[in-house]
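Undergrad: Structure below; questions to follow.
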Amino acid sequence: VSVYMPIMLLTQALSILFAAGGAAYLSRLLGAQEKEKAGHTATTTIILSFLSGVLVAVVGGIFARPILLALGASADTIGLALDYALILLLASPVQLTNMALNNLLRAEGSAVQSMVGMVIGAVLNMILDPFFIFTFNMGVMGAAVATAISQVVAFVILSSHYWRKKTVAKFRLKGFRFSREIVSYIVRIGSSTFLTQLLAAIGFAVINVCAKPYGDAAIAAFGIVNRIQFLGFALIFGFSQGYQPVAGYNFGAHKFDRLNTAMKFGISVALCIGALVTLACYALAPQMMGLFTTDAYVMEIGIPALRWFTAGFTITAFTLIMLMTHQAFGKAGGALILSISRQGVCLIPTVLVLANVLGIFGIMLSPLVADVISGVIALILAIRIFKFIKSTKEEYAMGLLDPNTQQ
């Protein structure tokens, strides 16, 4: 499961490319009351996500073995890794489409419908896991089958809002043609979040490669740590994604007072979530690791690693909020910089250097160093975005902006 994680993150990166870009554009179009164009945007996002999933399934299925070996699988684990990977790769079209549906529903304000579909899928996954793993004696492959089935169920629930015509932005295949303008905007805005996920996949792969000299137990330890810290990251990321359409809608509708309130609330809550995650992981690291393993060597590596990996989550929260703010305003350049800062420009070279200098402790320390550097970058861009909001508000007050023109 740990050696497959970079592939999973890569798949999520591709899905978020269209999902995040489409959702950001959709919220702004709805704020400007352009419902016809919003429907075309939603349809484009869903189709692009499904086709990308087909591409992942085909290419991943063909090259699964050499990729998994390169990501840290050993002769002892490659068989299990393939059992797990091939099932999930086949489910990629559904997984990627779910990401699009989830983001689009949330962007038009249907947060409850989005949540119901994803929660039911996740709970079903937890229920099915023990049956397929133990009752049907399928082992690791059973875990993958349970995940694939739960994704299909989530797809049925999420897509039902479109084929029952319960959405504001309508999904229409009849007469559909790709619009260069819409595709270009989706890719341009979504590319920042895509790079965040892509570089996260590369960063995890680099960690696996650096940990490989310390044995399968080290790879397992960092795999567990990454999954635990991902839960904390998901809290921050989920809140940030909920904040994004609110910011985008109010900016597009020229409601600057509401925008200011939303931004203050978004930053404050995100910082609190980040701080709570750091405190929880520091205090409960032994108990959290103990949920996944009883191996003494894995615990010895995993407990301090979890504490170091989550030490900078308050900074991570601020960086993510600034990333979503730039996306909401259509500031692709700033969003791109924030996307590549922590996971790429900062984390990957930091892991390589510190692992070489400090050994396994260097791997543990790398995320905190990356967080500090990316936090400084986020602060600089935050100052610039607040100046941009102030100048735009002044232009609007002086009548230099058309009230009916989309921002």
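The values are calculated or read from the model by the stated rules, or taken from the named source; none is laboratory data. Quantities reported herein were computed from a predicted structural model and do not represent experimental measurements. Neighbour counts run over all protein chains shown; Cβ positions are idealised from the backbone, glycine included. For the accessible areas, the whole protein counts, side chains as well, though only heavy atoms, and no ligand, DNA or RNA atoms are used. Shrake-Rupley method; radii C 1.70, N 1.55, O 1.52, S 1.80 Å.
Undergrad: Normalised by the number of residues in the chain, what is the relative contact order in percent for Cα pairs under 8 Å and 6+ residues apart?
TA: Contact order relative to length: 21 percent.
Undergrad: With the cut-off at 1.5 for a/c, could you classify region 251-405 from its C-alpha gyration tensor as rounded, prolate or oblate?
TA: Note, shape of region 251-405 comes out prolate.
Undergrad: For the chain, modelled as a Gaussian network with Cα springs under 10 Å, which listed residue fluctuates most, Gly109, Gly312, Gly238?
TA: The residue that fluctuates most here is Gly238.
Undergrad: Using the beta-carbon distance between Gln287 and Glu395 and R0 = 56 Å, what value does 1/(1 + (r/R0)^6) give for FRET efficiency, to the nearest 0.05?
TA: 0.55
Undergrad: Just the number, please: carbon plus sulfur as a percent of the accessible area of the chain, 1.4 Å probe, no ligands or DNA/RNA counted.
TA: On the chain, the fraction of accessible area on carbon and sulfur atoms equals 70 percent.
Undergrad: I've got another one for you. Say the dipole of the chain comes from +1 at the beta carbon of Lys and Arg and -1 at that of Asp and Glu; which of Ala200, Met288, Phe265 then lies farthest toward its positive end?
TA: So the residue furthest toward the plus end is Phe265.
Undergrad: A further question on this structure: How high is the relative contact order of region 161-269? Use alpha-carbon pairs under 8 Å, at least six apart in sequence, and give a whole percent.
TA: It rounds to 11 percent for region 161-269.
Undergrad: Can you compute the charge dipole magnitude of the chain about its Cα centre, using +1 on each Lys and Arg Cβ and -1 on each Asp and Glu Cβ, nothing else charged? Give it in debye, rounded to the nearest 20.
TA: In debye, rounded to 20, the chain gives about 1320.
Undergrad: Can I ask one more? Take every Cα pair under 8 Å in region 48-151 that's 6+ residues apart, average their separations, divide by the length, and report that relative contact order as a whole percent.
TA: It rounds to 31 percent for region 48-151.
Undergrad: Might you report the magnitude of the Cβ-based charge dipole of region 157-294 about its Cα centre, with Lys and Arg at +1 and Asp and Glu at -1, to the nearest 20 debye?
TA: 980 debye
Undergrad: Once the dipole of the chain is set up with Lys and Arg at +1 and Asp and Glu at -1 on Cβ about the Cα centre, which of Phe329, His40, Met115 lies farthest towards its positive end?
TA: Value computed over the given set: His40.
Undergrad: Nearest 20 debye, what's the magnitude of the dipole of region 247-371 about its Cα centre given +1 on Lys and Arg Cβ and -1 on Asp and Glu Cβ?
TA: With Lys and Arg at +1 and Asp and Glu at -1, about 500 debye.
Undergrad: If you average the alpha carbon positions of region 138-161 and of region 237-260, how far apart do those two centres end up, in angstrom?
TA: The two parts, judged by their Cα centres, are 32 Å apart.
Undergrad: So what is the accessible area of region 234-334 per residue, in Å², with the probe set to 1.4 Å?
TA: I get 40 Å² per residue for this part.
Undergrad: I've got another one for you. Looking at this model, which pairs from Lys165/Lys264; Lys174/Lys390; Lys35/Lys331; Lys170/Lys390; Lys37/Lys331 are more than 32 angstrom apart at the alpha-carbon?
TA: From Lys165/Lys264; Lys174/Lys390; Lys35/Lys331; Lys170/Lys390; Lys37/Lys331, over 32 Å: Lys165/Lys264; Lys174/Lys390; Lys170/Lys390.
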